[in-house]
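Laboratory data are not the source of any read-out in this text; all were calculated from the coordinates shown. This is a predicted model, so every value here is computed, not measured. Cβ placement follows ideal geometry from the backbone for every residue including glycine, while neighbour counts extend to all protein chains displayed.
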Amino acid sequence: MKVVNSLKTIKSRDKYCRVVRRKGRVYVINKRNPRFKARQG
């Protein structure tokens with residue numbers, strides 16, 4: 001999982017990416033392609 005400054009760039013890489021908020025952190029998760037996982041905050 002990457003920690004990134006901007007999640008918008010990773011979200012736009014694949015159409016299955018979802019932006020989720022958990023415990024004050026913002027995550028990008030992708031069920032189809034787990035290599036696009038990312039976290040912010």
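Data overview
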read-out	value
Members of the stretch 20-41 that are under 8 Å from the mean Cα position of the chain (by Cα), in a loop (DSSP other than H, G, I, E, B) and among the basic types (K, R)	K37
Sole residue being free of Cβ contacts under 8 Å to residues at least 40 places away in the same chain and part of a loop (DSSP other than H, G, I, E, B), chosen from K15, K8	K15
